[in-house]
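The values are calculated or read from the model by the stated rules, or taken from the named source; none is laboratory data. Please read these numbers as outputs of a predicted model, since none were measured by experiment. Every residue, glycine as well, gets a Cβ built from its backbone with ideal geometry; the counts of neighbours run over all protein chains shown. The accessibility values were calculated without ligands, DNA or RNA, using every heavy atom of the protein model including side chains. Shrake-Rupley method; radii C 1.70, N 1.55, O 1.52, S 1.80 Å.
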Amino acid sequence: MGRLIDGRWVTDEGIRLLPDGAWQRTPSLLRNWVTADGAAGPTGTGGFKAEAGRYHLYVAWNCPWAHRALLTRVLKGLEEAVPVSIAAPRRSDQGWVFDPENGYEDRLFGARALHEIYTRGDPDYSGRVTVPVLWDTEREQIVSNESADIVRMLGGAFNGVGANAEDFYPAALRPAIDAWNDRIHKTLNNGVYRAGFAESQEAYAAAVADVFETLDAIEAQLAETSYLAGDRLTEADIRLFPTLVRFDVAYWSAFKCNIRRLVDYPRLWASARAFHARPGIAETVHFDIYKRGYHSPSPKRNPLGIVPAGPIVDWSLAG
Ligand SMILES: N[C@@H](CCC(=O)N[C@@H](CS)C(=O)NCC(=O)O)C(=O)O
């Protein structure tokens, strides 16, 4: 299913098909920023001052973009200051929906579907209805639906109002962080989707080559430094993790990213497991949901929706 936007076919997965059979993700539309003093951020308008309890995060366990926001929330100790509602880990003809009977509840409004939140903030909203979403309970509108920006805001704006002092975007490391973010976004976070949704052999081959070139480059980097941008954890490592944790159970088979597995990269595998072992991180990870979600029925990729039994990967530090 999909619809034509600007002369391009936009699928329910929000990715558009280019003439050569390659796929491209459509950009986010709502890009205001929460800041410490309420001043405008790099995009959008001002008036969104960081305050404990004022903002609410909407996510879904299976979405890797939402996952990076959840990871930052945990690592900054913002669980109480920024409450969360979790949509059911599947999409329906209503897009993302809630399923209170099974624990997937809109804790703010009791909405049945996420599109209700988008139109509550802007009755004329006509863009994609995606997670993650950061909602402002004071101004009753969406602040942002761009995960990269939400990661940065949660990481930097809330220090006076509940967050710990960890800095995942320190000034001295910004050039290295920006470079990794850019590369990883294109070739890995999005690269696995470009491989999985490609509709020509050439488009698939190009995407999969990008995926493994970048994984190889990261493995080489980890021989030099403990983390991507140096000897401390940064945003770049946070943004990498959702792709790594889905790799062997989902992307490897569902998206045919199968030249090597994560477990075949000794340093990358060790560093992913160490990240997973940090307090609160494992609670954000749901392997069965990834396996079922990425292998759910899809007319082109998996028409019968059969979910593979393996691989069984031991993420414990002993494994
Ligand atoms: N640029 C967005 C992308 C988010 C995104 O694509 N989320 C997917 C789920 S993984 C979604 O909600 N798709 C629904 C749709 O496109 O209709 C971000 O990084 O925040």
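Kindly evaluate ASN145 against the criterion of being in contact (Cβ under 8 Å) with a residue 40 or more places away in the chain and within 16 Å of GLU235 (Cα to Cα). Before you say what the answer is, go through the steps one by one.
Details: in contact (Cβ under 8 Å) with a residue 40 or more places away in the chain: yes; within 16 Å of GLU235 (Cα to Cα): no.
Against the criterion (in contact (Cβ under 8 Å) with a residue 40 or more places away in the chain and within 16 Å of GLU235 (Cα to Cα)), ASN145 does not qualify.
Of the residues making up the stretch 148-187, those that are among the polar types (S, T, N, Q) and either out of contact with any Asp or Glu (no Cβ under 6 Å at 6 or more places or on another chain) or in contact (Cβ under 8 Å) with a residue 60 or more places away in the chain (or both) are ASN159, ASN164, ASN181.
Being over 23 Å from LEU114 (Cβ atoms), open to solvent by 30 Å² or more (accessible area, probe 1.4 Å) and assigned to a loop (DSSP other than H, G, I, E, B) is the filter here, so list the residues in the stretch 46-64 that pass it. Those that are over 23 Å from LEU114 (Cβ atoms), open to solvent by 30 Å² or more (accessible area, probe 1.4 Å) and assigned to a loop (DSSP other than H, G, I, E, B): GLY47, GLU51, ALA52.
Per the listing ARG273, ARG301, the residue uniquely at pLDDT 95 or above, in contact with a Gly (Cβ under 9 Å, 6 or more places away or on another chain) and not aromatic (Phe, Trp, Tyr) is ARG273. Please find, within the stretch 65-102, the residue that is farthest from VAL192 (Cα to Cα) out of those that are within 14 Å of the ligand (Cβ to nearest atom), open to solvent by 30 Å² or more (accessible area, probe 1.4 Å) and of a type in the set (S, T, N, Q). Residue satisfying both the conditions and the ranking: GLN94. Picking from residues in the stretch 106-116 that are over 26 Å from GLY305 (Cβ atoms) and touching a strand residue (DSSP E or B) at 6+ places or on another chain (Cβ under 8 Å), the one that is least open to solvent (accessible area, probe 1.4 Å) is ASP106. Condition test on GLY21, is it in a loop (DSSP other than H, G, I, E, B), touching an Asp or Glu at 6+ places or on another chain (Cβ under 8 Å) and on the phi > 0 side of the Ramachandran plot? In short, yes.
Yes/no matrix, rows are residues, columns are (1) under 20 Å from the mean Cα position of the chain (by Cα); (2) open to solvent by 20 Å² or more (accessible area, probe 1.4 Å):
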| position | (1), (2) |
| --- | --- |
| SER147 | yes, no |
| LEU154 | yes, no |
| PHE168 | yes, no |
| ALA171 | no, yes |
| ARG174 | no, yes |
| ALA179 | yes, yes |
| ASP182 | yes, yes |
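Considering the stretch 18-62, the residues that are within 14 Å of the ligand (Cβ to nearest atom) and modelled with pLDDT under 95 include one that is nearest to PHE197 (Cα to Cα), namely TRP23. Look at (1) open to solvent by 30 Å² or more (accessible area, probe 1.4 Å); (2) at pLDDT 95 or above and you find that GLY160 fails only one, number (2).
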